[in-house]
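The values are calculated or read from the model by the stated rules, or taken from the named source; none is laboratory data. A quick note: this is a predicted structure, and the numbers were derived from the prediction, not measured. Virtual Cβ from ideal backbone geometry, glycine too; neighbours counted across all protein chains shown. These area figures cover heavy atoms from the full protein model, side chains too; ligands, DNA and RNA do not enter into them. Shrake-Rupley method; radii C 1.70, N 1.55, O 1.52, S 1.80 Å.
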Amino acid sequence: MDFEQRIKIIFLKYGVVLGFILLTLSISSYYLITRVTTSPVLFIAIPVFFSLFIPILLTVYFCFNGRKQLGGYWTFKQATTGIFIMFLMAYLIQFVGKDIVFDKFIEPDNIAITQNAAVKAKTTLMKQNHDSQKAIDHSMAEMKKDFATQQNSTIGSTIQGIVFSILFVFLFALIFGSLFKKVPPDYAA
C-alpha cells in the first residue's frame, strides 16, 4: 500500500471516530441546554465547549497521531488531503446522525424545544441586567422570528447549507494542513 493510500485509510478511520464523538457531543449538548440547565451562561457555554473546544482538541490529537503513524512527515498536500477526509467523514456522520435521524425522527420538535430554552435563558439574563419589559419583548420577538426561519427550511436551503459546510470543511482542512505539515529534511550527501 502506498503512502497516499495509508493517509486516506488512517484519516477515514479518524473521521468516523471524530464523527461519532461529535454526534454524541451534539446530542448531549442539546439535552443539557434544553432539559438540564436553566442558567443563561451554561446555555451558551455548553454548546461552545461541546462544539468548539473539544472538537479542536480531538482534531489536534488525531492530526498528531496520524502524522506519527505515517512516519512523522507529510507534505502540505498530504496533510490537507488526510485532514479533509477526516473532516468530511465527520461532517457526513454528524449530518446524517443529527440533522436527519435525530432531528427528524427522535426529536422532531427540537427547534421549538430549543426556542423555549433559549427564551427562558435570555429572559432570565435580561431580567438580571434590569432591562425594560419593552426591550425583553422586542428581543423575544426577534428570537421567535429567527427560529421561525429555521423551521421553514427547504431542500434548496439544505443543499446550500451542505455546500457551504463542505467549503468550510475544506477551508479548515487547509488551515490545519498548513499547521500540521512536516516536510522531511533534505540531506546533502
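Take the residues in the stretch 35-83 that are under 12 Å from I7 (Cα atoms) and of a type in the set (S, T, Y), then tell me which one is most open to solvent (accessible area, probe 1.4 Å).
Applying the filter and picking the extreme gives Y73.
When the residues of the stretch 180-189 are narrowed to those that are without any contact (Cβ under 8 Å) to a residue 40 or more places away in the chain and either open to solvent by 80 Å² or more (accessible area, probe 1.4 Å) or of a type in the set (A, V, I, L, M, F, W, C) (or both), which ends up nearest to I111 (Cα to Cα)?
D186
If you go through the stretch 84-105, how many residues are among the β-branched types (V, I, T) and open to solvent by less than 50 Å² (accessible area, probe 1.4 Å)?
Summing the residues that are among the β-branched types (V, I, T) and open to solvent by less than 50 Å² (accessible area, probe 1.4 Å) in the stretch 84-105 gives 2.
Which residue is farthest from T59 (Cα to Cα), if the candidates are limited to the stretch 150-178 and must be in contact with a helix residue (DSSP H, G or I) (Cβ under 9 Å, 6 or more places away or on another chain), open to solvent by 90 Å² or more (accessible area, probe 1.4 Å) and modelled with pLDDT under 95?
Q151
Can you tell me which residue in the stretch 1-28 is nearest to A90 (Cα to Cα), limited to those that are of a type in the set (S, T, Y) and surrounded by fewer than 17 Cβ atoms within 10 Å (Cβ to Cβ)?
Narrowing the stretch 1-28 to residues of a type in the set (S, T, Y): 14, 24, 26, 28.
With the extra rule that they be surrounded by fewer than 17 Cβ atoms within 10 Å (Cβ to Cβ), the set shrinks to 24, 28.
Working: T24: 12, S28: 17 Å.
In this case the residue turns out to be T24.
The rows are residues; the columns are (1) assigned to a helix (DSSP H, G or I); (2) more than 24 Å from V41 (Cα to Cα).
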| site | (1), (2) |
| --- | --- |
| F87 | yes, yes |
| F95 | yes, yes |
| V101 | yes, yes |
| F105 | yes, yes |
| V119 | yes, no |
| T124 | yes, no |
| D131 | no, no |
| K134 | yes, no |
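Going by what's in this entry, would T114 be described as in a helix (DSSP H, G or I), over 20 Å from L12 (Cα atoms) and of a type in the set (S, T, Y)? So that I can check it myself, show each step before the final result.
On the way: in a helix (DSSP H, G or I): yes; over 20 Å from L12 (Cα atoms): yes; of a type in the set (S, T, Y): yes.
When the stated conditions are applied, T114 passes them.
Which condition number in (1) touching a Lys or Arg at 6+ places or on another chain (Cβ under 9 Å); (2) more than 26 Å from D2 (Cα to Cα) is the one that T154 fails?
(1)
Filter the stretch 105-127 down to the residues that are more than 16 Å from Y30 (Cα to Cα) and touching a residue at least 24 places away in the same chain (Cβ under 8 Å) and list them by number. I'd like the intermediate steps shown before the answer.
So in the stretch 105-127, the residues more than 16 Å from Y30 (Cα to Cα) come out as 122-127.
Listed by number, the residues that qualify are K122, T124, L125.
Going by the structure shown, is I21 in a helix (DSSP H, G or I) and touching a Leu at 6+ places or on another chain (Cβ under 8 Å)?
yes
Output the qualifying pairs, or none if there are none: Cβ atoms under 6 angstrom, residues six or more apart or on different chains, first residue in the stretch 1-27 and touching a residue at least 40 places away in the same chain (Cβ under 8 Å), second residue in a helix (DSSP H, G or I) and open to solvent by 70 Å² or more (accessible area, probe 1.4 Å).
Within 6 Å, the pairs are I10/Q69.
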